[in-house]
1. Under the condition of being of a type in the set (A, V, I, L, M) and more than 22 Å from residue 116 (Cβ to Cβ), which residue from segment 69-99 is surrounded by the fewest Cβ atoms within 10 Å (Cβ to Cβ)?
2. Hey, does segment 13-30 have a residue that's surrounded by 11 or more Cβ atoms within 10 Å (Cβ to Cβ), at pLDDT 65 or above and of a type outside the set (Phe, Trp, Tyr)?
3. Looking only at residues that are of a type in the set (Asp, Glu) and either in contact with a helix residue (DSSP H, G or I) (Cβ under 7 Å, 6 or more places away or on another chain) or at pLDDT below 90 (or both) in segment 100-130, which one is surrounded by the fewest Cβ atoms within 10 Å (Cβ to Cβ)?
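The values are calculated or read from the model by the stated rules, or taken from the named source; none is laboratory data. Remember, predicted model here, so these are calculated numbers, not experimental data. Glycine also receives a Cβ, built like all others from the backbone with ideal geometry; neighbour counts cover every protein chain displayed.
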Amino acid sequence: MKIRVRAPAATIAMIVASSAAGVAASSAAAADVRAPTRLHPGSVVFVQIRGYPPGSRVRVQLATRRSLHSNCCVSLTYPRVHTPGILVNQGGSATIRWRVPTQYAQCVSSICTSPEDKRFRRGERVLVDVATTDDTAFADAPAHIT
């Protein structure tokens, strides 16, 4: 036995409109990072972020692309972990003045007790990572070392 339910046109229009608004809101709230595609270690660059929670605090880090899923190959954060982080404005964006790190820590095991400091190599592919200090939002942008 088939049961048919007829919804009034106004109800259908409201459901479609609210789901479209939800999709637009979720895509607008997605964190995004814009950074130069060429980075020279030690130089100062500007990183633009948007879509982060308003009033949150963020940190920037540079990671090599050779081992993204292990405890390997990331620079120290900017600002350092013991500081509050860079404040995101009420629009969910910020422009960060950042000095490109010259080295990163390479761990030889998943428990990183004594990382080895390595210099970024020319031509190396990297990611500029920006995450909130409470890890509620994260985004990255690809680049390479010049």
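1. Within segment 69-99, the subset of a type in the set (A, V, I, L, M) is 74, 76, 81, 86-88, 94, 96.
Checking the rest, the ones that are also more than 22 Å from residue 116 (Cβ to Cβ) come to 86-88, 94, 96.
Working: 86: 21, 87: 11, 88: 24, 94: 18, 96: 20.
So, considering only residues that are of a type in the set (A, V, I, L, M) and more than 22 Å from residue 116 (Cβ to Cβ), the one surrounded by the fewest Cβ atoms within 10 Å (Cβ to Cβ) is 87.
2. So far as segment 13-30 goes, yes, one or more of its residues are surrounded by 11 or more Cβ atoms within 10 Å (Cβ to Cβ), at pLDDT 65 or above and of a type outside the set (Phe, Trp, Tyr).
3. Looking only at segment 100-130, we keep the residues that are of a type in the set (Asp, Glu), and these are 116-117, 124, 129.
So of that shortlist, the ones also either in contact with a helix residue (DSSP H, G or I) (Cβ under 7 Å, 6 or more places away or on another chain) or at pLDDT below 90 (or both) come out as 116-117.
Numbers: 116: 11, 117: 9.
Checked segment 100-130; the qualifying residue surrounded by the fewest Cβ atoms within 10 Å (Cβ to Cβ) is 117.
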